[in-house]
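Below is one structure, written out as structure tokens, with a few remarks after it.
The values are calculated or read from the model by the stated rules, or taken from the named source; none is laboratory data. From a predicted model like this one, the values you see are computed outputs, not experimental measurements. Virtual Cβ from ideal backbone geometry, glycine too; neighbours counted across all protein chains shown.
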Amino acid sequence: MNRKLGRDGPQLFPIGLGCMGMSEGYGDRAERDETESIETIHRALDLGVNFLDTADIYGPHENEVLVGRALQGRRAQAVLATKFGFVTDREKAKTRRIDGRPEYARAACDASLQRLGVETIDLWYLHRADPQVPIEDTVGAMAECVRAGKVRYLGLSEVSAATVRRAHAVHPISALQSEYSMWTRDPEHNGTLATCAELGVTFVAFSPLGRGFLTGAVRSADTLAKGDMRRNLPRFQGDNLARNMQLVDAVTALATKRGCTPGQLALAWVLSRGEHVVPIPGTKRRTRLEENVAAARITLTDAELRAIDELLPPDAISGARYPDSLMELVNR
Ligand SMILES: NC(=O)c1ccc[n+]([C@@H]2O[C@H](COP(=O)([O-])OP(=O)(O)OC[C@H]3O[C@@H](n4cnc5c(N)ncnc54)[C@H](OP(=O)(O)O)[C@@H]3O)[C@@H](O)[C@H]2O)c1
């Protein structure tokens with residue numbers, strides 16, 4: 001049942017845990033509960049979920065501290081992944097730019113190690129490719145961190161198939177992390193899913209629950225907290241949301257027939273896309289974690305996969321996955 005990190009990395013439970021929402025993104029500050037978040041990470045480890053996902057920019061910085069705290073005394077149980085490359089200015093905390101300069105990579109690695117309180121990062125991703133810096137230069141600096149024993153494996157996030165190949169020629173790339181779910185099927189069209197399979201790169205699917213939408217839990221943008229980032233995403237707005245809800249309701253009926261929740265169906269669908277694919281659903285609550293982890297035992301039949309394609313065809317979703325300002329940061 002387990003999957004693997006890259007060609008020669010550790011075994012991964014088929015479903016990881018995204019930790020971002022414990023510190024930002026969804027809901028508001030009042031909803032965040034460090035104790036429950038840490039309990040959620042501990043419950044994940046108890047259930048065998050070993051692949052934890054954070055990034056230096058989440059919080060910013062708070063999420064790495066939280067994950068590091070949760071891992072005290074349990075470090076050996078986790079395959080710990082973090083990312084660097086997004087930079088935020090103190091005065092303009094919401095504006096993000098990308099820095100992939102080698103000197104910045106080296107400093108970011110040391111800073112992440114310190115915040116996490118660990119000696120080694122298992123998987124270190126470049127969060128977004130810097131258009132001003134050749135990928136070979138950034139990955140060259142990341143490879144130095146591997147040679148220095150600070151990092152075990154390297155990954156990239158939201159880059160094109162061509163960029164994965166260029167990076168892989170400098171140093172083996174073990175993981176590519178991009179958005180992939182029943183409502184975001186770009187990796188099937190842009191060649192990244194196939195390129196990863198060919199090169200032995202694990203494809204880590206982020207937002208596999210469609211940022212919660214595929215669970216059926218988000219029925220209206222008005223119910224989202226003021227600071228919830230989904231308010232800025234075209235798919236969660238106005239007519240788009242109403243149209244997308246009809247599609248998700250149809251898939252929910254299929255989940256009911258199968259005897260699982262819509263979120264579990266969404267995760268089982270991601271798992272069905274290839275042995276090299278690992279979804280990392282995010283939650284800050286133990287109950288939802290348990291529900292999500294149970295999806296690892298669901299294998300969808302060919303008939304169910306065909307039915308999903310008919311109910312929710314690849315390009316049926318209304319609205320872009322990101323607003324233009326964030327889409328521009330994706331390397332295509
Ligand atoms: N590389 C990148 O650029 C990038 C971008 C985005 C995310 N990520 C990573 O990917 C991880 C996962 O993606 P994501 O968190 O954006 O989206 P997701 O996993 O698709 O959805 C997370 C949302 O779904 C809710 N949820 C989770 N399980 C649920 C369930 N069983 N029933 C109902 N609602 C449920 C969560 O709320 P609660 O927390 O309240 O349960 C949260 O609002 C992140 O945590 C982060 O580590 C990476």
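Only a single criterion out of (1) within 26 Å of Ser325 (Cβ to Cβ); (2) within 22 Å of the chain's Cα centre (by Cα); (3) more than 12 Å from the ligand (Cβ to nearest atom) is not satisfied by Ile298, namely (1).
Is it true that some residue in region 62-73 is part of a loop (DSSP other than H, G, I, E, B) and exposed (fewer than 13 other Cβ atoms within 10 Å of the Cβ)? Write out each step before concluding.
Looking only at region 62-73, we keep the residues that are part of a loop (DSSP other than H, G, I, E, B), and these are 71-73.
Still in the running and exposed (fewer than 13 other Cβ atoms within 10 Å of the Cβ): 72-73.
The answer is yes, given that some residue of region 62-73 is part of a loop (DSSP other than H, G, I, E, B) and exposed (fewer than 13 other Cβ atoms within 10 Å of the Cβ).
Counting only residues that are closer than 13 Å to Arg96 by Cβ and touching a residue at least 40 places away in the same chain (Cβ under 8 Å), which one in region 53-63 is nearest to the ligand (Cβ to nearest atom)?
So in region 53-63, the residues closer than 13 Å to Arg96 by Cβ come out as 55-60.
Then keep just the ones that are touching a residue at least 40 places away in the same chain (Cβ under 8 Å); that gives 55-57.
Details: Ala55: 7, Asp56: 12, Ile57: 9 Å.
For region 53-63, the residue satisfying everything is Ala55.
Of everything in region 33-52 that is farther than 15 Å from Arg288 by Cα and crowded, with 17+ Cβ neighbours inside 10 Å, the residue that is nearest to the ligand (Cβ to nearest atom) is Leu52.
Could you list, in sequence order, all residues of region 136-154 that are closer than 21 Å to Gly117 by Cβ, outside any helix (DSSP H, G or I) and out of contact with any Gly (no Cβ under 8 Å at 6 or more places or on another chain)? Result: Ala148, Gly149, Lys150, Val151.
Scanning region 116-138 for residues that are closer than 22 Å to Leu52 by Cα and more than 20 Å from the chain's Cα centre (by Cα) yields a total of 4.
For Val248, the conditions (1) at pLDDT below 95; (2) surrounded by fewer than 21 Cβ atoms within 10 Å (Cβ to Cβ) all hold with the exception of (2).
Residue-wise test of (1) over 16 Å from the mean Cα position of the chain (by Cα); (2) within 15 Å of the ligand (Cβ to nearest atom); (3) part of a loop (DSSP other than H, G, I, E, B).
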position	(1), (2), (3)
Thr163	yes, yes, no
Ala169	yes, no, no
Ala175	no, yes, no
Glu188	yes, no, no
Glu198	yes, no, no
Ala205	no, yes, no
Arg211	no, yes, yes
Asp222	yes, no, no
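Give me the pairs, please: first residue somewhere in region 282-294 and over 16 Å from Phe206 (Cα atoms) and part of a helix (DSSP H, G or I), second residue anywhere and near the ligand (Cβ under 8 Å from one of its atoms) and of a type in the set (D, E, K, R), beta-carbon distance under 9 Å, and either six or more positions apart or on two chains. Matching pairs, first to second residue: none at all.
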